[in-house]
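See below for the structure under consideration.
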Ligand SMILES: [Ca+2]
Ligand SMILES: [Ca+2]
């Protein structure tokens, strides 16, 4: 099969699965400590279990495993699970590594994103996205404040239908350097509405206003 034909076939076949499944396996951590790997050491959640550096757990509240950590619910629903990490102080250490639950389309641009929060106010995490070991962001991304979920992301163009996705941390400090991760996603960037679609939406909104005035 020549390259053009292969690309066309992949594009056509890719449309349905892409719309149906556009995510990371257990990217919301609701299934617990499964579906991904980490260079950090897993500990069971519980009082003081996150005291040592370079450990993580999957739980519903960071404070339940370290008294100095934020009283923070998960990002997905507020009561679900997320990854809670006591940063290692080693450069570029892999926090999380996983794969998509759908096949990527070669040549398509995707967004690789995660919701992150510091759970201690000292020395925020310095996070790096990678695809197949290649860094996506030029400088590390740091959540601001403490106990506040923020979405960080980077874009890439797929060069393979299956790739390995990595989130690493390069914060060298041992004090603080404590953070949370939830809702890791790989998906096409949100489409920008076309002018025709926007006109229809505007007309619909206008109709709604008119109906309200009549009532
Ligand atoms: Ca979650
Ligand atoms: Ca720490």
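If residue 70 satisfies every condition in (1) away from ligand 1 (no atom under 16 Å from the Cβ); (2) buried (at least 17 other Cβ atoms within 10 Å of the Cβ) but one, which is the exception? It is condition (1) that residue 70 fails. Once the stretch 75-95 is narrowed to residues that are under 22 Å from residue 52 (Cα atoms) and within 13 Å of ligand 1 (Cβ to nearest atom), the residue that is surrounded by the most Cβ atoms within 10 Å (Cβ to Cβ) is 84. Can residue 101 be described as at positive phi and within 18 Å of the chain's Cα centre (by Cα)? The answer is no for residue 101. Number of residues in the stretch 5-46 that are farther than 26 Å from residue 171 by Cβ and either modelled with pLDDT under 50 or touching a helix residue (DSSP H, G or I) at 6+ places or on another chain (Cβ under 7 Å) (or both) equals 17. Summed over the stretch 22-37, the residues that are buried (at least 19 other Cβ atoms within 10 Å of the Cβ) and within 9 Å of ligand 1 (Cβ to nearest atom) give a count of 3. Taking the criterion of being closer than 24 Å to residue 148 by Cβ and within 16 Å of ligand 2 (Cβ to nearest atom), the residues of the stretch 70-101 that qualify are 70, 72, 83, 84, 85, 86, 87, 88, 89, 93, 95.
The values are calculated or read from the model by the stated rules, or taken from the named source; none is laboratory data. Keep in mind that what you see is a predicted model, and the values were worked out from it rather than measured. Methodologically, a virtual Cβ is constructed for each residue, glycine included, from the backbone with ideal geometry; neighbour enumeration extends over all protein chains shown.
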